[in-house]
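Before any comments, here is the structure.
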Amino acid sequence: MSGHFAKPIVQLIRELSRFPGIGEKTATRLAFHILKSPREEALSLANSIIAVKEQIKLCSVCYHITDIDPCAICRDSHRERDIICVVEGPQDVASIEKTGEFKGRYHVLHGVLSPMDGVGPDDLRIDSLVKRVVDGDVKEVIVATNPKVEGETTALYIARLLKPFDVKVTRLAQGLPMGGELEYFDEATISKALEGRRVI
Ligand SMILES: [Zn+2]
């Protein structure tokens, strides 16, 4: 269908169809929305995309995405240094921050162990987590990976790695719907799971 349109529109539709969950139909609708929108709005969208690619990097401490290194959470002196919450991705930091319950710091793995997909410990930020625990005065590591098989495997792997060190490793409470993802749980559910965390 997009073949009937002028080249720049076809190109935009093609780019937009690459987004997750966006088919050609939706991409076409979005492309025409951009075409009709005021010039400043469209340019602001384009500039935001460029800014994300050029300014966003990973925090050298916790690997959360940030434009200033270390990130705002790691720089915040009011946050507890002795408790680290381990999450799969940057969106999970946002989900836990929304609850307002957690006052420690984070460690973003950027994935989970998944032998089927060829993801091993070296592909994740696990070494740096161990280093943080060894170097710092960390009392507790909460593993808040998603309640899925890979998330559980990753949690147990981390617990085993940290066993020799004087640190409590905990997991979010059971009761989170198995197979779910943190970023889709509401704040109350995450708060309860944090509160009821257990040692693994
Ligand atoms: Zn950080």
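Of note:
- Cα-based helix-to-principal-axis angle, 39-55 vs the chain, degrees rounded to 10: 40
- Net charge contributed by nearby residues that have their C-beta within less than 11 Å of residue 173 (K/R +1, D/E -1): +3
- Formal net charge of residues neighbouring residue 76 (Cβ-Cβ distance under 13 Å; K, R +1; D, E -1): +3
- Using θ = phi - 60° in the Karplus curve 6.51 cos²θ - 1.76 cosθ + 1.60, the 3J(HN,Hα) couplings for segment 122-133 round to 6, 7, 10, 8, 8, 4, 5, 5, 4, 4, 4, 5 Hz; x is entered for Gly and Pro.
- Peptides 139-150, 80-91 ordered by average Cβ neighbours within 10 Å, highest first: 139-150, 80-91
- Pairs of lysine residues in segment 1-151 - Cα separation under 20 Å, sequence separation of 8 or more or cross-chain: 5
- Taking Cα atoms only, the orientation of helix 90-99 departs from the longest principal axis of the chain by about 70 degrees.
- Euclidean distance between Cα centres, segment 99-122 to segment 153-200, Å: 11
- Between residue 46 and residue 165, the distance separating the two model label sites (each 7 Å from Cα on the Cα→Cβ line) works out to 4.7 nm.
- Evaluated over the Cα positions of segment 2-55, the convex hull gives a direction-averaged projected area, one quarter of its surface, of 4.1 nm².
- Rounded to the nearest 20, the Cβ-based charge dipole of the chain about its Cα centre (Lys and Arg +1, Asp and Glu -1) stands at 260 debye.
- Rg(Cα)/(2.2 N^0.38 Å) for segment 75-199, N = residue count: 0.98
- Surrounding net charge for residue 88, when Lys and Arg each add one and Asp and Glu each subtract one, Cβ distance under 11 Å: -2
- Residue of 30, 176, 45 that the Gaussian network model of the chain assigns the largest fluctuation, springs spanning Cα pairs under 10 Å: 30
- Packing around the peptides 22-28, 127-133, taken as the average count of other Cβ atoms within 10 Å per residue, puts them in this order, highest first: 127-133, 22-28.
Each reported figure results from applying straightforward, stated rules to the coordinates on display, with no laboratory input. Keep in mind the model is a prediction, meaning the values are calculated, not measured. Glycine also receives a Cβ, built like all others from the backbone with ideal geometry; neighbour counts cover every protein chain displayed.
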